[in-house]
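Notes follow once the structure below has been shown.
Each reported figure results from applying straightforward, stated rules to the coordinates on display, with no laboratory input. Predicted model only: the values in this text are computed from it and were never measured. With ideal geometry, Cβ positions are generated from the backbone for all residues, glycine too; neighbour counts draw on all protein chains shown.
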Ligand SMILES: [Zn+2]
């Protein structure tokens with residue numbers, strides 16, 4: 001799948017077991033690829049300031065490197081999702097390799113943080129026809145998005161354009177807690193919160209958004 005701000009309806013219908021939009025008409029904020037010291041600390045501070053909760057799709061490698069950041073995410077009441085152990089594209093892995101990438105992450109969070117992961121997002125948003133059954137087999141719900149902000153390009157103007165044009169009351173928004181977006185992540189979150197406020201939309205509790 002090519003990157004798109006908002007994936008087409010046909011794709012959403014074909015992969016109907018995936019979550020593309022929030023289910024309670026509030027916005028779900030998600031952060032992919034962390035945790036990283038450069039970005040996660042900033043995100044946590046801004047979310048706290050605005051009393052907002054989010055879902056972090058962490059990568060296993062980073063979870064191993066920065067266990068304290070993972071604990072901080074959990075302690076502040078945010079959710080952690082599964083973005084695989086090594087951030088490899090499912091389209092380039094066999095079924096068994098994919099299962100291993102996902103299950104190793106589940107084990108890691110259970111053993112190191114006593115945390116039960118419920119949600120999954122495929123690296124690079126790329127998936128195959130067997131991904132729905134694979135994710136189900138791992139006991140997870142696959143969460144895609146309806147607004148990709150392109151924050152990883154590091155250009156705040158692009159984020160603003162994307163948010164102005166595509167933010168809806170039930171958007172699942174993707175941001176990144178990565179080095180690439182660190183410089184603009186604070187402003188990116190604020191642009192979303194301001195735009196939501198202006199349009200009369202609310203940011204939801206992640207668990208409620210995904211019921
Ligand atoms: Zn990713």
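Based on C-alpha pairs under 8 angstrom that are at least 6 apart in sequence, the range 106-202 has a relative contact order of 23 percent. Looking at the chain, the pairs of alpha carbons with a distance over 29 Å make up 17% of the total. The mean of 1/r over all pairs of different alpha-carbon atoms in the range 70-127, once inverted, gives a Kirkwood hydrodynamic radius of 11.9 Å. With both labels modelled 7 Å from their Cα along Cα-to-Cβ, the residue 202 to residue 141 distance reads 1.8 nm.
Solvent-free Debye calculation, one equal scatterer per alpha-carbon of the range 134-211: log10 I(q)/I(0) at 0.13, 0.16, 0.24, 0.26 Å⁻¹ equals -0.44, -0.63, -1.13, -1.23. Highest GNM mean-square fluctuation among 36, 96, 84, for the chain modelled with Cα contacts below 10 Å: 96. With the simple model of a label 7 Å out from the Cα in the direction of the Cβ, residue 113 to residue 128 spans 2.8 nm. Exposure proxy ranking for 151, 164, 68, based on other Cβ atoms within 10 angstrom of each Cβ and starting from the fewest, stands as 68, 164, 151.
Stretching the chain fully between residue 5 and residue 88 yields a gain of 27.7 nm (0.36 nm per residue, less the alpha carbon separation). The helix-only estimate of mean residue ellipticity at 222 nm for the chain, built from DSSP H runs of length n ≥ 4 each weighted as -39500 (n - 2.57), is -12500 deg cm²/dmol after division by the residue total. Full extension of the chain between residue 65 and residue 95 yields a length gain of 8.1 nm, computed as 0.36 nm times the residue separation minus the alpha carbon distance. Kirkwood radius and radius of gyration were both taken over the C-alpha atoms of the range 18-115, and their ratio Rg/Rh is 0.99. Normalised radius of gyration (Cα atoms, divided by 2.2 N^0.38 Å) for the range 91-164: 1.35.
Using the per-residue mean of other Cβ atoms lying within 10 Å as a proxy for protection, in what order, highest first, do the peptides 165-176, 43-54 fall?
165-176, 43-54
Projecting label points 7 angstrom from Cα along Cα→Cβ for residue 48 and residue 166 puts them 3.1 nm apart.
Between residue 180 and residue 76, what FRET efficiency comes out of the Förster formula 1/(1 + (r/R0)^6) with R0 = 22 Å and r the beta carbon distance, rounded to 0.05?
Values: r = 23 Å, r/R0 = 1.05.
Between residue 76 and residue 180 the formula returns 0.45.
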